[in-house]
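Presented below is the structure to which this report refers.
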């Protein structure tokens, strides 16, 4: 299962892109296989990577169908294959670490020399 952050915006259409973002989000509302969560800068999608990428393509194309002449799409993929992980679990892992006072590179309660599960520089990727 993949967790994917995507930002899609037409270029040169004025200051506010919220009507365009809403149009792209209607693509997500019209399906039920990929979970999603709208954020202020990115929309996060969760599901089979092929299905997620197909939806992103449809969202991207929706901008052109609405009259955009240029579209900028940013995609960030976390494709974890060792186990299923949901969006909420990623956030919860960071929140647990904050409450425990943990530092990057060490699991809370881990023994010295143990293999770390959270690498320095991996902020946002628990």
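Between 124, 109, which is modelled with pLDDT under 50, touching a helix residue (DSSP H, G or I) at 6+ places or on another chain (Cβ under 9 Å) and either closer than 15 Å to residue 46 by Cα or in a loop (DSSP other than H, G, I, E, B) (or both)? So that I can check it myself, show each step before the final result.
Values: 109 fails: modelled with pLDDT under 50.
The unique qualifying residue is 124.
Looking at (1) assigned to a loop (DSSP other than H, G, I, E, B); (2) touching a residue at least 40 places away in the same chain (Cβ under 8 Å), find the lone condition where residue 76 falls short.
(1)
Going by the conditions given, is residue 78 at pLDDT 95 or above, loosely packed, with under 10 Cβ neighbours inside 10 Å and within 30 Å of residue 22 (Cβ to Cβ)?
no
The values are calculated or read from the model by the stated rules, or taken from the named source; none is laboratory data. Not measured: the values here are computed from a predicted model. Reconstructed Cβ throughout: ideal geometry from the backbone, glycine too, with neighbour counts over all protein chains shown.
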